[in-house]
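Report on the structure given below.
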Amino acid sequence: MSTDRKDWNINTRLNHPKPVHMLKGNEPLISPVYLSAKFSPSEDFPYWDQYIYGRVANPTTRQLEITLAELQNKEECIVVASGIAAITGTFLALLKAGDHIITFRELYKPTRMFIRENLTRFNIESTVVALKDIEKLESVIKTGKTKIIHFESPTNPTLEIADIKKIIDIAKKNKILVSMDGTFAGIHQHTQFDVDIMIHSLTKFGNGHGDVIAGSIAGKTSLIQEIRSMCINLGATLDPHASYLIQRGLKTYMLRYERQTETAQKIAEFLEKHAKVKAVIYPGLQSHASHALAKEQMRHMGATVAFEINSSATKFCHKVKLIQFTASLGSTESIICPTDLFFGTDLGQEEKKEMGINENTLRLSVGLEDPEDLINDLTQALEN
Ligand SMILES: *Cc1c(COP(=O)(O)O)cnc(C)c1O
């Protein structure tokens, strides 16, 4: 009996291709994509310090985590299969039966649904505060029970700005963890704030090309370890090929973000002057209710513009030609959606009114097209 490769039959050979080893020091400039779901351990190191199984750890995915931790000024980061997996994994890791979480009315709809429909099944209570009523935040804390305050800034879809320092101060005073979904502002922003858990949907600006679904959670090592083991147990780990695409996309992240912000500002100013536009909400406009706070907290005002017209938002979305009518944001192509249809269906009339959502309101995510082409498209849609 031989175990020599030369004596193997065809199926054995096909399933054990010859490995290609690099000479020490002969390194690729771009890290390879390790698609292998398993790795053979070496006798020379403790087994559990090594890569063994892809659901637990993968070198390509690890590189992305290290990049994102550094970019966000945090000790550790974990990347997962979606932005919503980052949120649900965090909640499931840090909350237990009998606990309480505080969130804000202005919240990404699937997050709201998870808290309302899933967390309640595990006897985890929640209280919702309107962002403008932040003064009430302290009064809804349940001593010994409230474990997390979770918020977004800017909010989806109406771009309200949270007073982050105020939220952190109240949370710290009461020994509550702060979790922030920073998706709308992008990964490079708000890194000066000491939020315990910073979450991003990498599907948006992180990947930026509209072809990957992913999420990230960054914070102190001790917290991220807890969240990591929950996410591994949930099987929510990110695929290495997806990790590679995001890592690649990140090289142009700042270029994209800066350009998208510049164009968004131009479009917001254009819309504000247009007779058929009733209102424009963009943190970079003087007219934004929290313009000063946004300037204090953010380096770039973002690529998302909300506005209200005098007619049906859904019809408007079918009139634009270059701008695409669909979900999501932060991609290279500009995207528009009617806010009521996409984000308002679970809200009451009164809530929607207060949040400025109605059948004439829209959310536009600005891409990398030339601004004049986008403005031409908006003009023809407004005037037809
Ligand atoms: C898109 C989005 C998410 C969810 O991210 P997915 O990658 O789609 O799961 C969470 N929060 C905000 C603010 C988002 O815009």
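The values are calculated or read from the model by the stated rules, or taken from the named source; none is laboratory data. Since the model is a prediction, treat every value here as computed from it, not as a measurement. Heads up, the Cβs are rebuilt from the backbone with ideal geometry, glycines too, and the neighbour counts pull from every protein chain shown. We work out accessible area using only protein heavy atoms, side chains counted, and drop any ligands, DNA or RNA first. Shrake-Rupley method; radii C 1.70, N 1.55, O 1.52, S 1.80 Å.
Observations
- Working note: 222 nm ellipticity from helices only, DSSP H runs with n ≥ 4, each -39,500 (n - 2.57), summed and divided by the residues of the chain, gives -10000 deg cm²/dmol to the nearest 500.
- Nearest-ten-degree value, helix 59-71 long axis tilted from longest Cα axis of the chain: 40
- Maximal additional length on extending the residue 125-residue 15 stretch stands at 34.4 nm, based on 0.36 nm per residue less the C-alpha distance.
- Counting every pair of alpha carbons in the range 181-235, the share spaced more than 18 Å apart comes to 39 percent.
- The range 253-359: relative contact order as a whole-number percent, Cα under 8 Å and 6+ apart: 20
- Net +/- balance of residues flanking residue 288 in space, Cβ distance below 11 Å, scoring K and R +1, D and E -1: -1
- Å² of accessible area per residue within the chain, as computed with a 1.4 Å probe and no ligands counted: 50
- For the chain, the longest principal axis of the alpha carbon atoms and the long axis of helix 83-94 meet at an angle near 80°.
- Using the Stokes-Einstein relation with a Kirkwood hydrodynamic radius computed over Cα pairs, the translational diffusion coefficient of the range 116-191 at 20 °C and a viscosity of 1.002 mPa s comes to 159 µm²/s.
- What a 1.4 Å probe finds exposed on the range 149-213 is 54% carbon and sulfur by accessible area, rounded to a whole percent.
- One decimal place: the segment residue 221-residue 266 gains 12.1 nm when fully extended, by the rule 0.36 nm per residue minus the C-alpha distance.
- Short-range pairs are left out: with C-alpha atoms under 8 Å and at least six residues apart, the relative contact order of the chain is 16 percent.
- When restricted to Cα atoms, the range 47-250 yields an Rg and a Dmax of 16.3, 52 Å, respectively.
- Ordering of 25-32, 370-377, 262-269 by burial proxy (mean other Cβ atoms within 10 Å per residue, highest first): 262-269, 370-377, 25-32
- Mean shadow area of the range 1-134 over all directions, Cα convex hull, nm²: 15.0
- Bridge type composition, the chain - antiparallel percent by DSSP, nearest 5: 55
- Panel note: the C-alpha atoms of the chain, placed on their principal axes, show extents of 84, 54, 34 Å (largest first).
- The Cβ shell under 14 Å around residue 244 holds other residues with a net charge of 0, Lys and Arg each +1, Asp and Glu each -1.
- Net charge of neighbours whose Cβ lies under 13 Å from the Cβ of residue 203, counting Lys and Arg as +1 and Asp and Glu as -1: -1
- As a rough guide to protection, the peptides 74-80, 175-181 ranked by mean Cβ packing within 10 Å, highest first, stand as 74-80, 175-181.
- Amide H to amide H distances under 5 Å link residue 333 with 368, where only residues 5 or more positions off or on other chains count and H is placed in the peptide plane.
- Among the listed pairs 109/315; 38/220; 109/353; 172/251, those with a Cα-Cα distance over 25 Å are 38/220; 172/251.
- Packing-based ranking of 295-301, 198-204, 118-124 yields 198-204, 295-301, 118-124, ordered from highest to lowest mean Cβ neighbour count within 10 Å.
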